[in-house]
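Below: the structure, in structure tokens.
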Amino acid sequence: MIPGTACFIRGVNYRMSDDPAVLERDLGYAKRVNLNSTRTWLSCQGYERDPQGHTNRLRNYIRTSHRLGFSTMPILWNGNNLNPDTVKPPFRSRGDAYVKAIVETIKDEPGLLMWDIMNEPSTNDYYDGASGQEKQQREAEITEFVRYYLSYAKKLDPVNAITVGYTFASQLEPTADLVDVLSFHDYTALRSTIKEAYRTAEAVSKEFGKPLLNTETGCVARGKPYDVVLEVAEKHKTGSYLFNLIIQGYWGTNLQLLPPGCEAIL
């Protein structure tokens with residue numbers, strides 16, 4: 001990623017499809033509304049079930065996306081539904097093999113924007129279900145895991161930028177010294193709270209001299225209007241990723257705002 005380009009990102013979160021026709025259709029929806037980047041989840045478990053197939057699908061995804069005018073931000077680890085064993089040292093050899101395979105597969109692809117090392121590290125039952133000193137210990141354990149893979153990914157790929165998609169702007173500091181780009185999420189529905197999230201993130205950005213991204217925002221199922229979040233992002237000169245391109249899974253079964261059969265949010 002070229003320094004200074006973060007503010008030009010008009011992105012959307014999207015779980016990549018294995019079906020080429022579906023992928024082209026879905027990215028076609030995004031292109032029609034002038035978006036230019038996707039943020040997509042990967043899986044260590046998915047890789048271990050089928051290493052060659054997993055890396056081939058990722059390579060195809062990033063090349064197809066680039067051909068259609070989209071950059072890609074792959075997410076290596078997901079804090080949601082975190083298996084506690086993942087962040088413990090004995091898992092590290094499996095984790096290293098997975099990250100090494102993914103990074104070496106696409107690090108030279110022109111469609112790669114940056115690496116998101118972990119989505120929402122502390123948004124899971126392992127962290128939220130603890131209290132007191134135990135919660136502090138688990139936070140430190142998760143942070144050590146994230147910092148380890150920030151350094152490991154940068155060692156494997158010293159060229160492309162790295163980030164961590166934190167749930168809140170208030171969580172940015174523990175890895176701010178290692179990331180190239182600070183990224184936070186905001187799903188609050190009021191202009192005042194959205195602006196406060198940006199002010200909090202901008203204070204960390206100024207302290208560490210790092211650019212900002214809002215990598216999850218605007219979820220229509222949470223009553224957060226797209227026009228407001230895009231307006232605020234533009235005023236703060238910050239790129240953003242809407243959530244999400246296709247209504248499916250949890251959001252598809254719980255959203256009652258759209259007519260039956262309508263699956264594209266955008």
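Close amide H partners of Trp77, meaning residues 5 or more places away or on another chain with modelled amide H under 5 Å apart, are Met118, Asn119. With a Förster radius of 30 Å applied to the C-beta separation of Lys237 and Arg32, the computed FRET efficiency comes to 0.75.
Note on region 164-216 and region 92-106: Cα centroid distance 27 Å, given to the nearest whole angstrom. Only beta bridges with both residues in the chain are counted; by DSSP, about 5 percent of them are antiparallel.
Here the label points at Asn83 and Ala203, each 7 Å from Cα along the C-beta direction, are separated by 3.9 nm in the simple model. Each Lys or Arg adds one and each Asp or Glu takes one away; over the other residues whose Cβ falls under 9 Å from the Cβ of Met73, this sums to 0. Electrostatic tally near Asn13: other residues with Cβ closer than 9 Å to its Cβ, Lys and Arg +1, Asp and Glu -1, net +1. Run the Debye formula on the Cα coordinates of region 145-258, all scatterers equal and no solvent, and tell me log10 I(q)/I(0) at q = 0.16 1/Å. Log10 I(q)/I(0), no solvent term: -0.77. Reducing region 110-130 and region 21-83 to their Cα centroids gives an inter-centroid distance of 16 Å. The share of C-alpha pairs in region 22-174 whose separation exceeds 26 Å stands at 29 percent.
Global size of region 1-106: 15.1, 46 Å for Rg and Dmax (C-alpha atoms, Rg to one decimal, Dmax whole).
With +1 on each Lys and Arg Cβ and -1 on each Asp and Glu Cβ, how big is the dipole of the chain about its Cα centre, in debye rounded to the nearest 20? Working shown, then result.
Details: 30 positive and 32 negative charges, 108 e Å.
It works out to roughly 520 debye.
None of the figures in this text is laboratory data; all of them are computed from the coordinates on show. No experiment lies behind these values; they were computed from the predicted model shown. A quick note on method: Cβ atoms are made from the backbone with ideal geometry, for glycine too, and the neighbour counts reach across all protein chains shown.
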